1. Could you work out how far the C-alpha centroid of the stretch 808-846 sits from that of the stretch 537-565, in angstrom?
2. If you count the DSSP beta bridges with both ends in the stretch 207-327, what percent of them are antiparallel, to the nearest 5?
3. Over the stretch 727-800, what is the relative contact order in whole percent, taking alpha-carbon pairs under 8 Å and six or more residues apart?
4. Using the structure shown, select from K575/K759; K384/K803; K670/K835; K670/K701; K567/K649; K34/K342 the pairs with a Cα to Cα distance greater than 25 angstrom.
5. Can you tell me the 0 to 90 degree angle between the C-alpha axis of helix 565-575 and the longest principal axis of the chain, rounded to 10?
6. Quote the FRET efficiency, to the nearest 0.05, computed for E647 versus K34 with a Förster distance R0 of 41 Å and r equal to the Cβ-Cβ distance.
7. Explain nothing, just the number: relative contact order of the stretch 31-109, from Cα pairs under 8 Å at least 6 residues apart, as a whole percent.
8. Could you give the distance between the Cα centres of the stretch 227-269 and the stretch 606-644, to the whole Å?
Amino acid sequence: MLKQIQLLFGLLLLAVATRAQSRILHPDEFLPHKIGSQFTEHSQLVAYYQHVAANSDRVKLVEFGRTNQQRPQILAIVSSPENLRRIEDIRLNNLRNAGTVPGTADNANPVAIVWLGFSVHGNEAAGSEASMPVLYELTNPNNRETSEWLKNTVVLIEPSVNPDGYSRYTSWYRQYSPALPNPNPVAREHDEPWPGGRVNHYLFDLNRDWAWATQVETQNRLKIYNDWLPHVAADLHEQYYDSPYYFAPAAQPYHKYLTKWQADFQVEIGRNHAKYFDRNGWLYFTKEVFDLLYPSYGDTYPCFNGAIGMTYEQGGHARAGRAIEMPNGDTLTLADRVAHHKATALSTIEISSKNAARLVQNFADFYKKSQSNPPGEFKTFIVKSTNPPHKIKAFTTVLDRHGIRYGKAGKATGDLPGYDYTTGLEGKFAVGENDLVVSTYQPKGLFAQVLLDPEAEVVDSNTYDITAWSLLHAYGLEAFATRQRIDPARQGYDVGKKSTPAPAATPYAYLAPWNSVQSARLLADLEKNGIAVRYSEVPFTLEGKPWQPGTLVVTQADNRKNPDFDKIVQAASVKFDYPLTPVQTGFVDAGRDFGSDAMRLIDKPKVLVLSGEKTQDNEFGQVWFYFDQDISYPATIVDAGQLSGIELKDFNTLVLPDGSFGFDDATLEKLGNWVSGGGRLIAIGSANNSLADKKGFHLAKFAKASDGDSAKTEAERIALDHRTALYKDRSRTDLSNFNPGAVVRVKMDPSHPLAFGLKDYYFSLKTNGLRFDLVKESWNVGYLENDFQTHGFIGANLKKELKNSAVFAVQSKGRGKVIYLVDNPLFRSFWEEGKLLFSNAVFLVN
């Protein structure tokens, strides 16, 4: 009888388990529409993942953050029930293989870890749509194949890498599309309005932000990514709708630090995908366009952290809608796009499961090599303690996000040979005991080399993105690199609290150095709170201490009507951990006294920023993010098309983000009159084309012939280059006039307010081919010398023509200023030194 009861109880448990599993609904059953027939709202996408997690013993769902618009960022952890019961052991064992947590790994039963990221560009929405049937197949107990894969594989699925962008696109499409899709490419449903769903809330491209981590979505993601460190990572995108599917292996150039294993296994994965595409007669291509050089992509970041990182590209994105006519007469449907992404996602899991032991072993070898013999030429990076503390703090914050270790030198060492980042030359330098040391003999040593090396070796100049990015240039740090191993005496680097103790009595003035973006945050906060601030145009010495041009001077005299003067100033010092020096006199030891006209009262910026279709979405977003997040300062944003009807007298600062404005004569006259009346006009990047060679503006486009070549226009130069070019080389013919993005050393005039806080040079991230002559009757604050230094690739013809060209210039016009920023100092918001330069333009160039 007992046996019968036990048998019945066992059958009952089996029935309950079977019933529980059967409650997992296919997306077609759960959603109000079938997959591929309509786009799914982000809330519905999340709801489906919650449904599956609630009804499957193969899924654990984690919310790892919130976006700017407070949408959840979720990650589904999928594996066999047995693996999920010991999932923390699997995760920690993998980190032991990497050396990021202590202990010895046990690889007797290797488990592969696969990361699938869908739709980082929100309007490439077929990825997120495909993630749902992928999840269903993995959790379907009747799918024997996936059940077998999950026995030795953990799959991490991020169904929407860009929830805000995805929501922007899908909500627009659902509102404006007809009941039946119209495949005609001219139909409204194929013409997504600016700014589109590609970008996040601040219009940043999250697929370029992995290494820089300027955006909250990336910051949240890096925490959980580095808590796992997957072995394989696939980033699922879409491209123009008439393109066949792209999958691994990637195109050249590969970064030289990537391993042979990482290159070879990409081929194995590609062959596995091809098997399914061949079977279905689907077109595809490999080894073209999408390279593995720039470190901040969703494929390269995993590569530099030990994984097989890959991009997959399906034809489609916003242009495709639910159906679109193709040039070959076929119709591409959303269902087609979902099917293709589903196939590569499942194929990625399959090939990873079949090679779990190899993946785990090569992952462990990657990190062992990084710790014992990092591949790069430079083994240690030294950041001098004499750098402004807030620059060091900002720099270490980025290192912390990636788990890169650093510390204090602990002892002084002299006459070390190495590379000087300030000069670009080899020489000898001394290490101070308080200098910051980044040794590459650590788990993340290879990635540290990728981010800090002065130069990335580019084996093929036909690349997809910028070719130089050293954070030591980006943060404007005095630093050195040496080929010797130097380990810090202890881990961590504390710059300490730098706020000002409250003085016994109200001082005559407070002084603050101007040398980092934190200086601008302090100033912005004071201005918002009604504190009048001056800056010094000249160096001075007071009470035996030297102060540099740009020093903020906050006097009691300028604020005598503000009863909360001391309270507000001291609160700002605490808020920003910023040192303010109270002084009891304005009578300086050397230089100009505080009542001199060299102590310029800052005219509180009343900022207007143009936006809309005439601007580049990313570049407008960088300006918006600077004011909204970087310095938390109010700016009024209007569509560029409204400019003619706006009363500019309500503003004293107008920012033209990178874009094509095409101002008519009336608008140019209006702008010119406003500037002459005291306005400050800041033009960034290609916005300068809208002012160049126009009446009242001194900026002139480059028109100089070089080396006897009579061609003066870009079209004529390209035509000359094409005369003897081979047809098979047509994709490379224009490279000599091309700049994918390189770092250039700009000669600066540090006596001009636009360069305050900088040195007599500035490493600029040049991402365009704009060429302007040195500006007549203006201050050429930053320009490229005849023999200017470069890092990364710039085409030979273009580099020749950039000699003696303007980079940053200021034109005085009446009582106002026109500030020409030919290079974008806010590019992707990671060029920290550029933010200081832009702050000068906003606050100090009066």
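1. With the stretch 808-846 and the stretch 537-565 each reduced to a Cα centre, they are spaced 23 Å.
2. Given both bridge residues lie in the stretch 207-327, the antiparallel proportion sits at roughly 5 percent.
3. With pairs under 8 Å counted, the relative contact order is 46 percent.
4. With Cα atoms farther than 25 Å apart: K575/K759; K384/K803; K670/K835; K567/K649.
5. 40 degrees
6. Working: r = 53 Å, r/R0 = 1.28.
In this case the efficiency is close to 0.20.
7. 17 percent
8. 35 Å
The values are calculated or read from the model by the stated rules, or taken from the named source; none is laboratory data. Since the model is a prediction, treat every value here as computed from it, not as a measurement. FYI the Cβ positions are ideal-geometry reconstructions off the backbone, even for glycines, and counts take in every protein chain you see. Each accessible area value is taken on the protein alone, full model and side chains, heavy atoms only, with ligands, DNA and RNA left out. Shrake-Rupley method; radii C 1.70, N 1.55, O 1.52, S 1.80 Å.
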